[in-house]
Amino acid sequence: MAGSQYEQVLARLREASEILKLDPGIYKILAEPERTLETSLPVVMDDGRIEVFQGYRCQHSTARGPAKGGVRFALDVCLDEVKALASWMTWKCAVVGIPYGGAKGGVCVDPTKLSKNELMRLTKRYAYAIAPIIGPEKDIPAPDMGTNAEIMGWFMDSYSAVVGTLSPGVVTGKPISLGGSLGRREATGRGVMVTTRELLSVLGVSPQGMTCAVQGFGNVGSVAAEIAHGMGMKVVAVSDISGGLYNPAGLDIPAIVKHAAEHTVIAGYSAPGVTAISNAELLELDVELLIPAALQSQIVESNADRIKAKYIVEGANGPTSAEADKILEKKGIICVPDILANAGGVTGSYFEWVQNLQNFYWTETEVNTRLDNIMAKAFHEVWDFSKKLNLSLRTGAYMLAINKVSEAIRMRGIYP
Ligand code: GLU
């Protein structure tokens with residue numbers, strides 16, 4: 001794979017901007033984040049030692065609204081990755097038309113190696129460190145890899161202490177008891193399957209009996225697999241960090257979800273006909289639908305030629321490299337890009353934020369109906385636009401997003 005994560009983002013931005021004949025000045029604005037904060041986070045560990053962690057928050061754009069995006073706790077977190085993920089958030093929010101710019105944050109840490117108290121102190125210190133640049137009207141963090149609702153609750157508490165007033169709208173993905181939204185946890189996986197459903201409907205293909213493989217069994221992959229199963233698809237393979245499960249006759253997804261809830265991972269699950277499969281093998285299975293819902297850079301130049309799926313719906317951020325895109329396109333594989341397919345998560349966050357600002361809470365059915373409407377509408381906008389211009393869905397989605405963001409920049413005028 002050529003270059004860094006951020007170069008991957010720039011490759012897509014460049015391609016779409018060239019077709020759009022985008023003003024080179026606007027391109028220069030979009031090619032760099034508005035603001036980046038790097039911070040060292042001292043934490044007193046349980047044994048009394050002081051450890052220092054590197055933290056980041058990058059705001060790529062606030063042209064269309066406050067910056068929005070998750071916080072990742074992982075060992076590969078670095079400035080380059082955070083910048084790439086922040087930029088993806090800008091395009092994602094624009095594609096689905098929610099009034100946000102894009103941001104991302106993270107801490108370079110393996111959260112599984114910390115005790116709960118250490119994790120809480122790290123989170124609270126991180127929230128304190130980035131508090132000057134975030135807020136319900138400025139930049140609203142959320143969960144991402146390695147973070148969850150509990151961590152968002154600690155984050156909200158810390159920010160509220162800094163500003164001196166309870167501020168649930170500063171962060172989304174919170175526990176329901178702290179102003180979280182019903183349906184937020186499932187929103188990304190649900191959105192992935194709304195776009196899948198709409199894709200199959202425009203193609204006139206029935207989901208009934210369709211073979212499907214899902215990489216990743218966290219919030220995104222497990223929910224997507226459950227819904228796929230519920231739609232009558234034959235989910236033949238799933239995987240997570242502990243490995244993969246394969247059954248050509250179809251897996252019992254509800255049973256695996258139950259196992260994962262009890263054991264945190266899918267490892268240890270067994271049933272007649274189920275064999276082990278590696279993450280790499282899963283990607284290359286002869287299935288109709290492939291849902292990469294784990295890490296970035298999974299489908300790259302070296303394995304793209306061996307992908308056999310007809311349709312790829314990207315639950316993860318950046319699972320396919322720019323070089324792999326070209327190979328998949330040549331093979332005629334239809335790929336619903338991440339900035340569209342996984343935008344259900346941030347759309348669910350938008351609903352949570354709106355409810356927090358209004359102190360008026362919705363039912364799960366209201367949340368799910370609104371999510372369905374937004375995701376289906378965005379899918380058809382991207383599909384119609386891309387078909388009209390004979391472009392890939394990814395290039396079409398980027399062009400629509402870049403148009404919206406550059407229009408906002410032009411309408412606002414450059415300050416001063
Ligand atoms: N981390 C999620 C994403 O990458 C959600 C971000 C949010 O809700 O702000 O889209």
Task: Subset of region 341-367 [away from the ligand (no atom under 16 Å from the Cβ) and surrounded by 17 or more Cβ atoms within 10 Å (Cβ to Cβ)] - done: W362
Open item on the list: I'm told V205 meets every condition in (1) more than 17 Å from P337 (Cα to Cα); (2) assigned to a helix (DSSP H, G or I); (3) not hydroxyl-bearing (S, T, Y) except one. Can you identify the failing condition by its number?
Closed with: (2)
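Sort through I176, I151 and tell me the only one that's free of Cβ contacts under 8 Å to residues at least 40 places away in the same chain and among the β-branched types (V, I, T).
On the way: I151 fails: free of Cβ contacts under 8 Å to residues at least 40 places away in the same chain.
The conditions single out I176.
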- [ ] Out of the residues in region 80-107 that are open to solvent by 30 Å² or more (accessible area, probe 1.4 Å) and in contact with a Phe, Trp or Tyr (Cβ under 6 Å, 6 or more places away or on another chain), state the one that is farthest from the ligand (Cβ to nearest atom).
- [x] D80
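Filter region 259-281 for residues that are in a loop (DSSP other than H, G, I, E, B) and touching a strand residue (DSSP E or B) at 6+ places or on another chain (Cβ under 8 Å); which is least open to solvent (accessible area, probe 1.4 Å)? Can you show your working first?
Step one: list which residues in region 259-281 are in a loop (DSSP other than H, G, I, E, B), which gives 264-274, 278.
Pick out the ones that are also touching a strand residue (DSSP E or B) at 6+ places or on another chain (Cβ under 8 Å) and you get 265-267, 269, 274, 278.
Values: V265: 42, I266: 2, A267: 48, Y269: 36, V274: 35, S278: 49 Å².
Selected residue: I266.
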TODO: Looking only at region 49-79, count how many residues are closer than 30 Å to K116 by Cα, of a type outside the set (A, V, I, L, M, F, W, C) and open to solvent by 50 Å² or more (accessible area, probe 1.4 Å).
DONE: 4
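A quick yes/no check of all residues on (1) touching a strand residue (DSSP E or B) at 6+ places or on another chain (Cβ under 6 Å); (2) under 20 Å from G97 (Cα atoms); (3) basic (K, R); (4) part of a helix (DSSP H, G or I):
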| residue | (1), (2), (3), (4) |
| --- | --- |
| V287 | yes, no, no, no |
| Q296 | no, no, no, no |
| A316 | yes, yes, no, no |
| A324 | yes, no, no, yes |
| E329 | no, no, no, yes |
| L340 | no, yes, no, yes |
| E352 | no, yes, no, yes |
| L357 | no, yes, no, yes |
TODO: Please work out which residue is nearest to A341 (Cα to Cα), limiting yourself to region 162-201 and to residues that are among the polar types (S, T, N, Q) and touching a Leu at 6+ places or on another chain (Cβ under 9 Å).
DONE: T195
TODO: Spot the failing condition for L166; the list is (1) free of Cβ contacts under 8 Å to residues at least 60 places away in the same chain; (2) open to solvent by less than 10 Å² (accessible area, probe 1.4 Å); (3) not in a helix (DSSP H, G or I), and only one is missed.
DONE: (2)
Task: For M145: the one exception among (1) within 21 Å of G101 (Cα to Cα); (2) open to solvent by 30 Å² or more (accessible area, probe 1.4 Å); (3) hydrophobic (A, V, I, L, M, F, W, C); (4) more than 16 Å from the ligand (Cβ to nearest atom) - done: (4)
TODO: May I ask you to list the residues in region 109-123 that are more than 19 Å from D76 (Cα to Cα) and part of a loop (DSSP other than H, G, I, E, B)?
DONE: S115
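Go over the candidates D252, D338, D325 one by one and state the one that is of a type in the set (D, E) and free of Cβ contacts under 8 Å to residues at least 24 places away in the same chain.
Working: D338 fails: free of Cβ contacts under 8 Å to residues at least 24 places away in the same chain; D325 fails: free of Cβ contacts under 8 Å to residues at least 24 places away in the same chain.
Checking each option against the conditions leaves just D252.
One line per residue, one yes/no per condition, for (1) among the aliphatic types (A, V, I, L, M); (2) assigned to a loop (DSSP other than H, G, I, E, B):
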| position | (1), (2) |
| --- | --- |
| V194 | yes, no |
| G209 | no, yes |
| F217 | no, yes |
| A228 | yes, no |
| A237 | yes, no |
| L251 | yes, yes |
| V257 | yes, no |
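Going through A324, A341, A304, A316 one at a time, which residue ends up being at pLDDT 95 or above, in contact with an Asp or Glu (Cβ under 7 Å, 6 or more places away or on another chain), of a type in the set (G, A, S) and over 21 Å from T172 (Cα atoms)?
On the way: A341 fails: over 21 Å from T172 (Cα atoms); A304 fails: in contact with an Asp or Glu (Cβ under 7 Å, 6 or more places away or on another chain); A316 fails: over 21 Å from T172 (Cα atoms).
Matching residue, one of A324, A341, A304, A316: A324.
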Task: Selection status of G135, modelled with pLDDT of 95 or more and on the phi > 0 side of the Ramachandran plot - done: yes
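The values are calculated or read from the model by the stated rules, or taken from the named source; none is laboratory data. In this text the structure is predicted, and so the values were computed from the model without any measurement. Don't worry about glycine lacking a Cβ; one is built from the backbone with ideal geometry, like all the others, and counts go over all protein chains shown. These accessible areas exclude ligands, DNA and RNA; they are computed on the full protein's heavy atoms, side chains included. Shrake-Rupley method; radii C 1.70, N 1.55, O 1.52, S 1.80 Å.
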